[in-house]
Amino acid sequence: MQTPPPGGISQNRTANDQIRVALADVEPKPWKNGCGVTRELLLWPKDSAWRIRVSVATISTDSPFSTYEGVTRWFTIVDGGGVELRVDGKPHRLPFGSAPFSFEGGADTFCRLLGGTTLALNVMLRTCDGELVETKNASFRQRSDLTCLFYDASGPYSAIGQPVNERSWILLCRQRELVVEPFLVEDLGAKAHRGWWITVGAHP
């Protein structure tokens, strides 16, 4: 796979060639089915034939998910009370703090809120492999075609029931050839922040 440059958003490069995108700087757009809104942080390529898409949805009502045939989806709760996803009739309960969940984008999927407005991180992969893993470690040594970290820059993550905060979330990305030393995030410091690693590579 050709190494993808992050695109589809206004990009800010840090001194060590990381791409940094603040969630609050990205304009929300309606879902494909019109039942919700999302902020697209990463799209490559920037056309209908995209292969990698990273976005954050604000879910405020029960609704069906848009279908994406041939796409592998990763989904996790960033903030709020969480949801139950019913995928092809099978329920999957995903409260705040649950592990990332993977499912096929072409599945018939319905989302039911478990309690209040929820922020959810979505990673979609087409013709490439990848993984979404929660971590509190700001160093990363695995080599992949694209490595990203989505994290809370404000401090320890909020408890269930607190207001959903969209202002503090950051996406950082680095391409494989730039990852010589461990992936370091200066903003994290020594605090316990919540975050997720996203790794993407070609099909074997």
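The values are calculated or read from the model by the stated rules, or taken from the named source; none is laboratory data. Please read all numbers here as calculations on a predicted model, not as lab measurements. Positions of Cβ are generated from backbone atoms using ideal geometry, with glycine treated the same way; all protein chains shown enter the neighbour counts.
Summary of values
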quantity: Residues that are surrounded by fewer than 17 Cβ atoms within 10 Å (Cβ to Cβ), in contact (Cβ under 8 Å) with a residue 40 or more places away in the chain and under 26 Å from Y151 (Cα atoms), drawn from the stretch 98-115; calculated: R112, G115
quantity: Whichever residue in the stretch 29-38 is surrounded by 15 or more Cβ atoms within 10 Å (Cβ to Cβ) and touching a residue at least 24 places away in the same chain (Cβ under 8 Å) and, among such residues, is nearest to W169 (Cα to Cα); calculated: T38
quantity: Within the stretch 113-129, tally of residues that are more than 12 Å from W50 (Cα to Cα) and either touching a Cys at 6+ places or on another chain (Cβ under 6 Å) or among the polar types (S, T, N, Q) (or both); calculated: 3
quantity: Those residues of the stretch 45-80 which are aromatic (F, W, Y), within 14 Å of the chain's Cα centre (by Cα) and crowded, with 21+ Cβ neighbours inside 10 Å, in sequence order; calculated: F75
quantity: Condition broken by D152, with the remaining ones in (1) surrounded by fewer than 18 Cβ atoms within 10 Å (Cβ to Cβ); (2) among the acidic types (D, E); (3) modelled with pLDDT under 85 satisfied; calculated: (1)
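One line per residue, one yes/no per condition, for (1) modelled with pLDDT under 90; (2) acidic (D, E); (3) not in a strand (DSSP E or B):
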residue: R20; (1), (2), (3): yes, no, no
residue: C35; (1), (2), (3): yes, no, yes
residue: T38; (1), (2), (3): no, no, no
residue: R73; (1), (2), (3): no, no, no
residue: V83; (1), (2), (3): no, no, no
residue: H92; (1), (2), (3): no, no, no
residue: R112; (1), (2), (3): no, no, no
